[in-house]
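The values are calculated or read from the model by the stated rules, or taken from the named source; none is laboratory data. Remember, predicted model here, so these are calculated numbers, not experimental data. Cβ atoms come from the backbone with ideal geometry, glycine included; neighbour counts cover every protein chain shown. The accessibility values were calculated without ligands, DNA or RNA, using every heavy atom of the protein model including side chains. Shrake-Rupley method; radii C 1.70, N 1.55, O 1.52, S 1.80 Å.
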Amino acid sequence: MLLTTKEIFKKCYGKYGIPAVNVFYMEEVHGLFEAAQKANAPFIVQTTPFARDYAHPKMLIAMIEAAAKIYPKVVYAVHVDHGVEEHIYDAIDSGSYTSVMIDASHDDFDTNVARTKAVVDRAHAKGISVEAELGVLAGIEDDIVIEAGKSSYTNPKDVERFVHATDCDCLAIAVGTSHGAYKFKGKQGIQFHILEEIQQRLPEFPLVLHGGSSVNPEEIRRINNAGGALKDDAQGVAMAEIQKAISLGVCKINIATDTRLLWTRVVREFFRDTPEQFAPTTPGKVLMEEYVKFMLNKFDDFGTTGKGIDFGIS
Ligand code: 13P
């Protein structure tokens, strides 16, 4: 069942979180849909500008639409992550997306409002939801690098004015997380005093957490044991913090780094352990199985398992 993010967030607000997972290649699309059907868990599949450049927009959508046929009992939205206008309008016109993100968070407040509002007008005319962003996250995502010094937390005092002026359907906020595998120095974590104030100012309004990967230390250890060179200070968001954020209005949790680490671990271990092999389908099969396990755990952790029932799927 293909829905807008707005429709999904109406049901999950304050109760459970929706994983929003970036996809680049066929094995992850299979793994994501298969896990969601097994768990009867709603999810968001999302594509980035980088994925478009890598795979081609038509290939990405063809994979997602094929998966929806192979796994028909799933509740999901198809979303553009970190879009710019050119990609967003292309996605809106394609008829295949139900949600888009306009990331004008690097612009000043008024420019962010103007760019977001223009996208909202075009998207809402076709019944498509819009995610906007206020505040700037640090970190590395695809080919975009934002240094910590250029990041800034969302100012809670701005959020009502921004949402009112843009009419966006959900808001990505900067509350301490960052993109990539090196999120925190020491025990810093999510800035809950900011998140709480945002929720008080925007009650019942869906919030989005970018930089939602957990960066499992065991995954880092296995990658490094198999020849990787990830640094010791790799660190993600603690699951208890994500769960608390969900109770404070975070409906959508973006994940990309964790699934890259999964790919790296599977592929590295495969070639370390079976150097005589050269068929891509053999590690590909392991990858799909591991991806399913990974997503089943995320659905459990986010409280999403079985929640297809909220949309009439049992
Ligand atoms: P991670 O780097 O934590 O996976 O975050 C991904 C993300 O926010 C995509 O928009």
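Structural remarks
- Amide hydrogen neighbours beyond the local backbone of residue 252, cut-off 5 Å, H modeled: 18, 207, 209
- Under a 5 Å amide H cut-off, with hydrogens placed 1.01 Å from N, residue 235 pairs with 182, 183, 184 among residues at least 5 apart or on other chains.
- The trypsin sites (Lys or Arg not before Pro) found in the stretch 37-77 that occupy coil by DSSP, while having at most 15 further C-beta atoms within 10 Å, are 73.
- Positive-pole candidate from 256, 71, 54, dipole of the chain, charges at beta carbon: 71
- Put the Cα centre of the stretch 257-314 next to the Cα centre of the stretch 47-66 and the gap is 19 Å.
- For the stretch 5-311, size of Cβ-based charge dipole, Lys and Arg +1, Asp and Glu -1, in debye: 720 debye
- Per residue, the solvent-accessible area of the stretch 5-311 (1.4 Å probe, heavy atoms of protein chains only, all protein chains present) comes to 43 Å².
- Peptides 225-232, 262-269 ordered by packing proxy, namely the average of other Cβ atoms within 10 Å per residue, highest first: 262-269, 225-232.
- Mean separation of Cα pairs under 8 Å and 6 or more residues apart, divided by the residue count, gives the stretch 187-314 a relative contact order of 28 percent.
- Derived scalar couplings between HN and Hα for the stretch 257-270 equal 4, 4, 6, 5, 4, 4, 4, 4, 4, 4, 5, 4, 5, 4 Hz in order, rounded to whole Hz, by the Karplus curve 6.51 cos²θ - 1.76 cosθ + 1.60 (θ = phi - 60°), x for Gly and Pro.
- Loop GluC sites (Glu not before Pro), the stretch 146-251 (other Cβ atoms within 10 Å of the site Cβ: 16 or fewer; DSSP): 147, 204
- Viscosity 1.567 mPa s, temperature 4 °C, Stokes-Einstein D of the stretch 5-311 from Kirkwood C-alpha radius, µm²/s: 66 µm²/s
- The chain - percent of accessible surface contributed by carbon and sulfur, probe 1.4 Å: 55 percent
- Selection of trypsin sites (Lys or Arg not before Pro), the stretch 184-219, meeting DSSP coil and at most 12 other Cβ within 10 Å: 185, 187
- Where the Cα pairs of the stretch 10-80 fall when distances are cut into 5 Å bins, in %: 3, 17, 30, 24, 14, 8, 3, 0
- Phi-based couplings in Hz for the stretch 110-120 (Karplus 6.51, -1.76, 1.60; Gly and Pro marked x): 5, 5, 4, 4, 5, 5, 5, 4, 4, 5, 4
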